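Each value in this text was obtained by applying a stated rule to the coordinates, not by laboratory testing. Because the structure is a prediction, the values reported are computed rather than measured. Because the Cβ atoms are built from the backbone with ideal geometry, glycine has one as well, and the counts that use them run over all protein chains shown.
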Amino acid sequence: MTIEPHVADTRTATQCNLRNPMLWLVVGLPALVVVAGLSTVVIAIRAGGSDAIPEDVRRMAQVQTAELGPDARAAEQGLSLVFSVQDDALALLPASGDIDRAAPLRLALHHPTDAAQDRSLRFAPSVDGWRLDTSADAPALDPGHDWRVVATAADGRWRLHGRLVAGERAVLLRPAFDTPGEAPGAR
């Protein structure tokens, strides 16, 4: 059984084409782009909806505005609090300003990437400030990542912000801007 010369040339040409780097670029790069595009779509779908920071905003045309009245009132009154993570409780301690010590406070803890882990807590007045015992109603915080912390009066008159850094046990909560009339982010 002998192999005819034109059949041997075909086998050699096929083997030679598979070793040609240009063929791999022509076929491989578009295939890689398709796989990367499908992977991106899968990641986007699994991420869920928009986990944007939960602020009340008003949108008109392409302008988005947020209500900064509570931040301005907190700045005018010179308010600040310390949010403390203790072994058996979460505490809000007054740092400056005149805050009604008999009224409860609301605290929102926002997860940096997953809105499903956000928490809204109500703190009752205590001897030192406001306190919430950690229990089934208020489980301990995951110290493995940062938390965005927002404290407000029960009636929403003022609002204070801060970021509890991963591994830290306390953070100073302040208004979004320090002096009345100062634009946010100007400091």
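Between D146 and residues 5 or more places away or on another chain, which pairs have amide H atoms under 5 Å apart, with H built 1.01 Å from N, and which residues are they? Residues meeting the criterion, in which the H sits 1.01 Å from N, are A166.
Over all directions, the projected convex hull of the C-alpha atoms in the range 70-147 averages 5.9 nm² in area.
Approximating the spin labels as points 7 Å out from Cα along Cα→Cβ, the A95-to-E168 distance works out to 0.9 nm. Each residue, A44 and S135, gets one label point 7 Å from its Cα in the Cβ direction; the gap between the two is 4.6 nm.
For the peptides 73-82, 126-135, 110-119, 31-40, the ranking by mean Cβ contacts within 10 Å, running from highest to lowest, is 73-82, 126-135, 110-119, 31-40.
Of the residues V42, V85, the one with the fewest other Cβ atoms within 10 Å heads the list, and the complete ranking is V42, V85.
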